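K.L.:
Mind looking over this structure? Questions follow.
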Amino acid sequence: MEIIDYAHLNRLLRQNNLWDWGQDLEQIVRQFLADNPHGRTEHWLETLANLPAYEATTLHLDTPAITVNTDQAVDTSLIHDQLMTMFPWRKGPFDMHGVKIDTEWRSDMKWERVQSHISPLQDRRVLDIGCGNGYYMWRMLGVGARCVIGVDPMRLYCAQFQAIRHFVGRELAVTLLPTPLESLPMQSAVFDSVFSMGVLYHRRDPVSHIQQLKALARPGGEIILETLIIEHDQAISLQPEDRYAQMRNVWHIPSLPLLTQWMQAAGLRDTSIIDVSPTTTEEQRTTEWMPFHSLMEFLDKDDPTKTVEGYPAPLRATIVART
């Protein structure tokens, strides 16, 4: 067993007219995994191989929790214990045959803020950069996407995605590539919608990141970008000295005017801010499935409008543009 189903990947590419773009993806992913081994991979593969198989009788991809159920008798304790070995679970929620995975992030809240303001995904080929364990990809299928390809180099997230796929359905038109964005073929623009949510502030060169998104979207396609911002009426950027809300590798947190400038500098048009929302402790919190410190511990206990480092508390914006 492998951490990615290459046969399914190649079928998905061929069936959705993506083969010319992605025919080298199997080689690219295999090389990245070989060059970046992870000590827990064999453990996760063993867990995946031993997940119980139940025939799904109901499947809901359009509800807050990605939900699958069966008419068979289910050993929920076994499913719980096996999935728990893949913690921390950060994006969700999921409900696998009655096992409710209460993830750190209530990702359904962000999806509700975003999906009603973007172009309908019906019959669209979608790319999700920094997709985590794939929660949003299932939601994208739930609103009619033709196929969804996610990209995230974190091996744990790929294992979690494969666990959910085991229960939800192996032949649905969705796959996760455990490789960086920079490894993807950039020679042709093929996707109708390209998402980048929660990635930009981890990039040293934000304009280059946006240009890469543009390179993957077909002419007239849509870029949906969600990122941390700061409130300011001038085009400025906060550049944390060390950590921001205990996160490492946060390089640039722009104001909305600067974020718009970056989108335009990358050659995008029709830019529109569709949402600005503070991150709350209802949306991001410690749970059984992610038992470590979360947002509550990342904020100043005496002034929750600031992070523990003294920066403005997390505020996120979603901006949409066209190629």
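The values are calculated or read from the model by the stated rules, or taken from the named source; none is laboratory data. This one's a predicted model, so the numbers in the text were calculated from it and none came from an experiment. Glycine gets a Cβ as well: all are built from the backbone with ideal geometry, and neighbour counts include every protein chain shown. Note: accessible area is taken over every heavy atom of the protein model, side chains too, but ligands, DNA and RNA are not part of it. Shrake-Rupley method; radii C 1.70, N 1.55, O 1.52, S 1.80 Å.
K.L.:
At R0 = 45 Å, how high is the FRET efficiency between D102 and Q187 if r is their beta carbon distance? Nearest 0.05 is fine. Working shown, then result.
P.N.:
Details: r = 42 Å, r/R0 = 0.93.
Approximately 0.60, to the nearest 0.05.
K.L.:
May I ask you to derive the FRET efficiency for W19 and V143 from their Cβ-Cβ distance with R0 = 22 Å, giving the value to the nearest 0.05?
P.N.:
Working: r = 25 Å, r/R0 = 1.14.
My answer for the efficiency is 0.30.
K.L.:
Another question, if that's okay. So which GluC sites (Glu not before Pro) in the stretch 232-303 are both in a DSSP loop and have at most 10 other Cβ atoms within 10 Å of their Cβ? Please report the intermediate quantities before stating the final value.
P.N.:
Working: sites: E241, E282, E283, E288, E297; in loops: E241, E282, E283, E288.
Loop-located and lightly packed - E241, E282.
K.L.:
Using modelled amide H (1.01 Å from N, peptide plane; none on Pro or chain starts), what sits under 5 Å from the amide H of K306, excluding residues fewer than 5 places away?
P.N.:
D300, A313
K.L.:
Here's another thing I want to ask about it. Indicate the gyration tensor shape class of the stretch 107-158 (rounded, prolate or oblate), computed on the Cα atoms with a ≥ b ≥ c the square roots of the eigenvalues: a/c under 1.5 is rounded; otherwise a/b larger than b/c is prolate and the rest oblate. Kindly include the intermediate steps, with their values, before the conclusion.
P.N.:
Details: a/c = 2.35, a/b = 1.43, b/c = 1.64.
Verdict is oblate for the stretch 107-158.
K.L.:
Now, a different point. Distance in nm between label sites at S116 and L315, each 7 Å beyond Cα in the beta-carbon direction?
P.N.:
Spacing of the two 7 Å Cα→Cβ label points: 2.3 nm.
K.L.:
Right, here's the next one. May I ask you to give the percent of accessible area on the chain that is carbon plus sulfur, with a probe radius of 1.4 Å?
P.N.:
Working: 6570 of 13810 Å².
Using a 1.4 Å probe with all protein chains present, the chain comes out at 48 percent carbon and sulfur.
K.L.:
Could you give the length gained on full extension between E171 and N249, defined as 0.36 nm per residue of separation minus the Cα-Cα distance, in nm?
P.N.:
Full-extension gain reported as 24.5 nm.
K.L.:
Give the total of Lys-Lys pairs in the chain with Cα-Cα distances below 28 Å; include a pair only if its members are 8 or more places apart or on different chains.
P.N.:
9
K.L.:
Within the stretch 92-176, report the GluC sites (Glu not before Pro) that DSSP leaves as loop and that have at most 10 other Cβ atoms within 10 Å. Intermediate results must be reported in sequence, preceding the final value.
P.N.:
On the way: sites: E104, E112, E171; in loops: E104, E171.
Loop-located and lightly packed - E171.
K.L.:
Sticking with this one: Hey, for a label at R322 modelled as a point 7 Å past Cα toward Cβ, could you say which residues of the stretch 221-242 have their backbone N under 17 Å away?
P.N.:
221-225
K.L.:
Same structure, new question: Go from 0 up to the bin containing the longest alpha carbon distance in the chain, width 20 Å each, and give me the % of pairs per bin.
P.N.:
Going from the shortest bin to the longest, the percentages are 32, 60, 8.
K.L.:
Ignoring the sites themselves, what is the longest stretch of the chain with no trypsin sites (Lys or Arg not before Pro) in a DSSP loop and at most 11 other beta-carbon atoms within 10 Å?
P.N.:
Details: sites that count: R170, R204, R248, K301.
Here the longest segment lacking exposed loop sites spans 1-169.
K.L.:
With a probe of 1.4 Å, find how much accessible area the stretch 217-284 has per residue, and write the answer as a whole number in Å². List each step's numbers first, then the result.
P.N.:
Numbers: 3270 Å² over 68 residues.
Roughly 48 Å² per residue, with all protein chains present.
K.L.:
Next up: Between H80 and Q234, take the C-beta separation as r, use R0 = 41 Å, and let me know the FRET efficiency to the nearest 0.05.
P.N.:
On the way: r = 50 Å, r/R0 = 1.23.
Efficiency computed from Cβ-Cβ geometry: 0.25.
K.L.:
When DSSP beta bridges are limited to those with both residues in the stretch 1-149, what percentage is antiparallel, rounded to the nearest 5? Can you show the working numbers first?
P.N.:
Details: 6 of 14 bridges.
Of all bridge pairs located within the stretch 1-149, approximately 45 percent are antiparallel.
K.L.:
Another question, if that's okay. Rolling a 1.4 Å sphere over the protein heavy atoms, what is the accessible area per residue of the stretch 1-114, to the nearest Å²?
P.N.:
Details: 5630 Å² over 114 residues.
Ligands and nucleic acids excluded, the figure is 49 Å² per residue.
K.L.:
On to the next question. How compact is the stretch 5-133 by the rule of thumb for globular proteins, expressed as Cα Rg over 2.2 N^0.38 Å? Could you put the intermediate results ahead of the total?
P.N.:
On the way: Rg = 17.3 Å, N = 129, 2.2 N^0.38 = 13.9 Å.
The value comes to 1.24.
K.L.:
Mind checking the log10 I(q)/I(0) for the stretch 222-323 at q = 0.11, 0.13, 0.18, 0.20 Å⁻¹? Debye, one equal scatterer per Cα, no solvent, two decimals.
P.N.:
Reported log10 I(q)/I(0), two decimals: -0.38, -0.52, -0.90, -1.03.
K.L.:
Rounded to the nearest 5, what % of the DSSP beta bridges within the chain are antiparallel ones?
P.N.:
Values: 28 of 53 bridges.
Taking every DSSP beta bridge with both residues in the chain, the antiparallel ones total about 55 percent.
K.L.:
Let me check I've understood the local charge: for V143, count other residues with C-beta under 10 angstrom from its C-beta, Lys and Arg +1, Asp and Glu -1. What total comes out?
P.N.:
Details: positive: R124, R139; negative: D62.
Cβ neighbours under 10 Å give a net charge of +1.
K.L.:
Then there is this: Out of the stretch 185-231, which GluC sites (Glu not before Pro) are coil in DSSP terms and have no more than 16 other C-beta atoms within 10 Å? Intermediate values should be presented prior to the final figure.
P.N.:
On the way: sites: E222, E226, E231; in loops: E231.
Loop-located and lightly packed - E231.
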